[in-house]
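**Student:** One structure is given below, represented as structure tokens, and several questions about it will come after.
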């Protein structure tokens, strides 16, 4: 049975109403995009902030970011200067996806837009984006252009960037090779670390140290340890780099750190022992005893105060006790602070009570107040 005329009319009205609603709810382009075609960095100081705020507010709304990328490409078609193109590529770097890669990659060909296009692709950092950068690098004959692309591959922090960077690091072009080695360090992935480790230390010492430090800071000590060990085993390593490699190894308690600190302490060199003071608690017992004996022999000296301020938090309450009566205020306060930090420890309480029973002076009277102080609020 065919529908009646009123029924068909109602359906048409409903369909028309639905279309109108859909059109009304279609998202209009972000307001700041109207200023994009004529944008200039020295003149327009609000567009970037407005764009960043809009993107931040829509990080959980992929469709809004997808629409912003589409609208940005449309606005870019009317760009009247390189500043407008650069800021548009920056927005695309934060919002674009793989369908936009060919468009952004096309901007790599123009020296005026090479840098912002490369930066946008490194921000996207998808396999397709990294591949676009790698292809451009492989086909580049200009050193400046190649270095820009290598830098972008490093900033992508993608393991997919490692093979093209490793190939560039072996280039006969010294400038490109050096830039690629640094970009491997900037990549900060275990794959990049392995690639650097295969190159001669003489040319990779600084990048190796940099990526080792970053890996250790991120908690990946397993990847950092062999790199730092390789550096420390290099006899020709410059002294400042060796010192920093030792510091990173000790700061992050790498597996070979105990043997390293024992080896350094055995040198019995004053400068080396000064360097090791921040690691006092990790030093061999005989070395700690020598340091403590030297300090106890001159409890009021300024040099003692300087050393004590470094090691006091690592002293046992019993070792800190002699300095509670120091005439040097810095030494005395350092010892008192040690007791305040250890106030809940039974051995600290025992040493404190013993000290107070033997002393009736200003330091003894102030000490309970230090111990009673609540710990600083970390917030």
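**Student:** What single numbered condition from (1) assigned to a loop (DSSP other than H, G, I, E, B); (2) under 29 Å from residue 186 (Cβ atoms) fails to hold for residue 42?
**Tutor:** Result: residue 42 passes all but (2).
**Student:** I've got another one for you. Residue 239 - would you say it is at pLDDT below 95, surrounded by 20 or more Cβ atoms within 10 Å (Cβ to Cβ) and closer than 22 Å to residue 278 by Cβ?
**Tutor:** Taking the combined requirement at face value, the residue does not satisfy it.
**Student:** Checking residue 67 against (1) surrounded by 14 or more Cβ atoms within 10 Å (Cβ to Cβ); (2) within 15 Å of residue 90 (Cβ to Cβ); (3) at pLDDT 90 or above, which single condition isn't satisfied?
**Tutor:** (2)
**Student:** Looking only at helices (runs of 4 or more DSSP H) that lie completely in region 92-205, which have at least 1 residues being touching a residue at least 40 places away in the same chain (Cβ under 8 Å) and surrounded by 19 or more Cβ atoms within 10 Å (Cβ to Cβ)?
**Tutor:** By residue number, 143-155.
**Student:** Please tell me if residue 347 is modelled with pLDDT under 85, surrounded by 14 or more Cβ atoms within 10 Å (Cβ to Cβ) and more than 21 Å from residue 247 (Cβ to Cβ).
**Tutor:** Answer is no for this residue.
The values are calculated or read from the model by the stated rules, or taken from the named source; none is laboratory data. Everything numeric in this text was worked out from a predicted model, so none of it was measured. Here the Cβ is made from the backbone with ideal geometry for all residues, glycine too, and neighbour counts use every protein chain on show.
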